[in-house]
1. Of the residues A:GLY308, A:GLY322, A:GLY318, A:GLY326, only one is small (Gly, Ala, Ser) and touching a Phe, Trp or Tyr at 6+ places or on another chain (Cβ under 8 Å); which?
2. Out of A:ASP112, A:ASP82, which single residue is assigned to a loop (DSSP other than H, G, I, E, B), touching a residue at least 12 places away in the same chain (Cβ under 8 Å), of a type in the set (Asp, Glu) and surrounded by fewer than 20 Cβ atoms within 10 Å (Cβ to Cβ)?
3. State which residue is surrounded by the most Cβ atoms within 10 Å (Cβ to Cβ) when the search covers only region A:177-218 and only residues that are touching a strand residue (DSSP E or B) at 6+ places or on another chain (Cβ under 8 Å) and of a type in the set (Asp, Glu).
4. Check off (1) of a type outside the set (Lys, Arg); (2) in contact (Cβ under 8 Å) with a residue 60 or more places away in the chain; (3) touching a strand residue (DSSP E or B) at 6+ places or on another chain (Cβ under 9 Å) for B:VAL231 and give me the number that stays unchecked.
5. Quick one: would you say B:SER227 is in a loop (DSSP other than H, G, I, E, B) and within 19 Å of the chain's Cα centre (by Cα)?
6. Could you please find all residues in region A:114-140 being of a type in the set (A, V, I, L, M) and within 12 Å of the chain's Cα centre (by Cα)?
7. Might you check whether a residue that is at pLDDT below 95 and in a loop (DSSP other than H, G, I, E, B) occurs anywhere in region A:146-155?
8. Which count do you get for residues in region A:1-39 that are more than 16 Å from A:PRO313 (Cα to Cα) and either in contact with a Cys (Cβ under 7 Å, 6 or more places away or on another chain) or surrounded by 13 or more Cβ atoms within 10 Å (Cβ to Cβ) (or both)?
2 protein chains.
Amino acid sequence: MQIKQIVLKSRPNGVPTEANFAIEEISLSNLQAGEVHLKGLYYSVDPYMRGRMNDAKSYTPPFQINQPISGGAVAEVIESKDENFKKGDIVTGMLPWANETIINTKGLQKIDVTIAPASYYLGILGMPGLTAYFGLIDIAKPQSGETVVVSGAAGAVGIIVGQIAKIYGCHVVGIAGSDEKIALLKDKFGFDQGINYKTEKNLAQAIADSCPKGVDIYFDNVGGEISDAVVKNINFHARITLCGQISLYNLKEIPVGPRLQPMLLTRSVLMQGFIIGNYQKRFSEGIKELSQWVKEGKLTYTETIIEGFENLPKALIGLFSGDNSGKMIVKL
Amino acid sequence: MQIKQIVLKSRPNGVPTEANFAIEEISLSNLQAGEVHLKGLYYSVDPYMRGRMNDAKSYTPPFQINQPISGGAVAEVIESKDENFKKGDIVTGMLPWANETIINTKGLQKIDVTIAPASYYLGILGMPGLTAYFGLIDIAKPQSGETVVVSGAAGAVGIIVGQIAKIYGCHVVGIAGSDEKIALLKDKFGFDQGINYKTEKNLAQAIADSCPKGVDIYFDNVGGEISDAVVKNINFHARITLCGQISLYNLKEIPVGPRLQPMLLTRSVLMQGFIIGNYQKRFSEGIKELSQWVKEGKLTYTETIIEGFENLPKALIGLFSGDNSGKMIVKL
């Protein structure tokens, strides 16, 4: 049986292009004991995947040339040789970019689509939701009345961070790259203020104006000059959660910027890098809390869903030009 | 009665010079209730004092022009109008740079010179010792078998950090600026390795060679390019204690350097700035533990003692050219 998969054809030099990917037809092997045959439903594209396109040691191994890209996905079981999975089950896990696949069930989780739509398990009830949850609650430890600034605020993680910070009683300011996104943050997701970094002439001043009591928590998804502007407004005993550095992922060398340490020192600031894998043992705690907030209507959510398997590379590339509001998903 | 005091004559432009200070004779006021008349014994000069010479908001207010410099000091009570202090008591506190002074007793602590020499209360049993203790134990949380790198290792804080890390069973590497200091670190203070950053051509490689298992804890007293070289060798889940940035204190603008956040993020590193004032409520815990280690001979200590009140400015300036080994003290 022939299926389609998308492989890494070449490593990008800066921003990825469609030429770095190729669609191939291959034959599926036979189903073995302990395996399931899956049909893809939804595929997640995420900023961290850019790092895996480089041939560099990081917290996840690099994609291999001529091997399929893989990422978070939701799929339906169409045939099973594992008694714990039956035809019709909906599962999530790290899957190859293929319209169908045969895979060992280790690492697959069945999901409950009566709680939320299947695609939510790639977003608010998946890695982005858990990233927002633990990065804010466990690292930044928000207190009622504090001021929280989120960069990449209209992204999959950012919109959830802002809403959780509101649940905790914080003053929440989002930084994003278009007036449409700013309107969405304020009108749909309850952010108190929004700053369009592309049109704001003096970003540090705009942050000062939006944060009259200074910045107690900075949830950083982007890095670079946006972060420089936030750090200028950082309060004593502030916490900076380093979650993403999307502004730097496509650079070929480590860029220079103002040294942060004197400011972090004199203001007793904590800066903590993390990846969601550090919290694996606490995922069920996070999903439980997030599900509850979704049920209670305290967390709303938005997805940018692009249809068509062949659009996966384009969707991933689009993350770096800010094409998405909320979670970027490809529907097969 | 005429006494001598040293005032800030002008704010330094870069490295301080003796011209920024002036010695004056003034009259002492009369002793009031709740005050003591003190004769200075030992005065501490510390890198953080450079910050107070600028007219900039920080965690301690700036020194005022034509007003005396003040800092940690040990003094003897020669007259008292507070029943809790009597003639002959030895006290420590923040005192003006004056050979004698009349001061309110609030903020003075009596010290026990049977445990350790009086000057130790400006060093191993004072701010530098407490800074080393809480910065290492509370922020970096050393585990036996981990690798600890200390910059400014031969300074007042550095020599104590290295010895406490050895008590905790760590592999300890010190970075300092002369072969004499490196020899002292290894021979007197039990550091496993020392690196002379002034003669080492490839500092990052030297650190890699001295830390075959990478760097788990970096206790940073200096900042700048030395820190860049350490961060290149930082391990997953490492902790960086930001204690000082002496290499940057005399610069007029915030210098640029490689952006750290991508490395801190992908390796889940914690960076925490702190000042010792944050731990005020736990000082007695720290002094108790440090005293015990001194008594047991587990902590040794060295001071550079310069004699003569008029040498206070020179001693402070000398910190920035690395004139000291261990704690720099002026004896009156």
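The values are calculated or read from the model by the stated rules, or taken from the named source; none is laboratory data. All figures in this text were calculated on a predicted structure; none of them were measured in a lab. Virtual Cβ from ideal backbone geometry, glycine too; neighbours counted across all protein chains shown.
1. A:GLY326
2. A:ASP82
3. A:ASP216
4. (2)
5. Against the criterion (in a loop (DSSP other than H, G, I, E, B) and within 19 Å of the chain's Cα centre (by Cα)), B:SER227 does not qualify.
6. A:LEU122, A:ILE124, A:LEU125, A:MET127, A:LEU130, A:ALA132
7. Yes, region A:146-155 has at least one match.
8. Total satisfying the criteria: 10.
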